[in-house]
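**Q** Take a look at this one; I'll ask things after.
Read-outs: derived from the displayed coordinates by stated rules, not from any lab. What you see is a predicted model, and the numbers here were worked out from it, not measured in a lab. Cβ: placed from backbone, ideal geometry, glycine included. Neighbour counts: every protein chain shown.
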Amino acid sequence: MNHVADNKRQRAPSKRSLETRARIFDSAELMFGARGYEGTSIRDIAEAAGVQKALVSFHGGAKEAFFSEIVARRAEEVADLRLAALDRLEAAGPATLPEIVEAFVRPLLDKARRDGAQWQAYARLIAQVSADPRWHEITQTHFDPTARRFIAAIQRRYPDANPQSVASGFVFTVSAMLSLATSEWRVAALDPDSPALDQDALMRDLIRFCEAGMRGMLER
């Protein structure tokens, strides 16, 4: 009887299996980020990962479910960083609007800037998901709880503001953040005579831009 139970017990994935899975997921993230959902096939992912198509399906499942999992796998890490930053602000006293904006935008931008192509691809994925109502369930599950915490913090700062204006200002801020995360090269292209981009200055400019626009909406 114990022998039967042992046979039925699920084996832990091998190191090789885990490495293959990670390579498939990283390849899928890069492909989906570059080509979008419609422009990426399971075959494309398999070729990029250097594995058989069946292995992609084994580890990722059907394409739509796989895409959802690719988006979800980094969402918790970003959410934890954002909420920890917001918690620190609120523990220190009433947070200012620039501080709230920075607590939200900095974690993703720091990841995209410091941790290379995978996080840049992930930022492009978020931009795709944010712009397409088809992925409403993904945003509702993985991004909306954090968004609501930040919207509530802004509303406390501006208690008389129209709630729709708060929500709109937050969405505009997300769009500006994703624009910088995915299109920093456009700044360089439009200012070709400038020296290398100062990424810290870009971050500060983004925060000022979002804060000023949102404040203009909330104080009117």
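**Q** Mind listing the phi-derived Karplus ³J(HN,Hα) values for region 87-95, rounded to whole Hz, using 6.51, -1.76 and 1.60 with θ = phi - 60°, and x for any glycine or proline?
**A** 4, 5, 4, 5, 5, 8, x, x, 7
**Q** Still on this model: In the neighborhood of Arg204, defined by Cβ-to-Cβ distances under 11 Å, what is the net charge if each Lys or Arg adds +1 and each Asp or Glu adds -1?
**A** Values: positive: Arg106, Arg208; negative: Glu102, Asp198, Asp200, Asp205, Glu211.
Combined, the nearby Lys, Arg, Asp and Glu give -3.
**Q** If we count other beta carbons within 10 Å of each Cβ, what is the order of Glu77, Glu99, fewest first?
**A** Ordered from fewest to most neighbouring Cβ atoms within 10 Å, Glu77, Glu99 come out as Glu77, Glu99.
**Q** Fewest first, what order do Lys15, Lys63 take by the number of other Cβ atoms within 10 Å?
**A** Listed from fewest to most nearby Cβ atoms, that is Lys15, Lys63.
**Q** Now for a different question. Can you list the residues of region 118-157 with backbone N under 19 Å from a point 7 Å past the Cα of Asp110, pointing along Cα to Cβ?
**A** So the set is 118-123, 146-147, 150.
**Q** At most 13 other Cβ atoms within 10 Å and a DSSP loop assignment: could you name the GluC sites (Glu not before Pro) in region 122-220 that fit?
**A** Within region 122-220, the qualifying GluC sites (Glu not before Pro) (loop, at most 13 other Cβ atoms within 10 Å) are Glu219.
**Q** Rounded to the nearest 500, what is the 222 nm mean residue ellipticity of the chain from helices alone, with -39500 (n - 2.57) per DSSP H run of 4+ residues and division by all residues?
**A** Helix contribution divided over all residues of the chain: -26500 deg cm²/dmol.
**Q** Along Cα→Cβ, 7 Å out, is where each label goes; now give me the distance between the ones at Arg148 and Asp80 in nm to one decimal.
**A** Each label point is offset 7 Å from its Cα along the Cβ direction, giving 2.2 nm.
**Q** Moving to a separate point now. Starting with the fewest neighbours, write out Arg157, Arg16 ranked by other beta-carbon atoms found within 10 Å of each beta-carbon.
**A** Arg16, Arg157
**Q** Sort all Cα-Cα distances of region 72-218 into consecutive 5 angstrom bins from zero, then give the percent of pairs in each bin up to the one containing the longest distance.
**A** 2, 9, 18, 22, 21, 15, 8, 4, 1, 0
**Q** Can I ask one more? Evaluate the relative contact order of the chain (contact order divided by residue number), counting alpha-carbon pairs under 8 angstrom at least 6 apart; express in whole percent.
**A** 21
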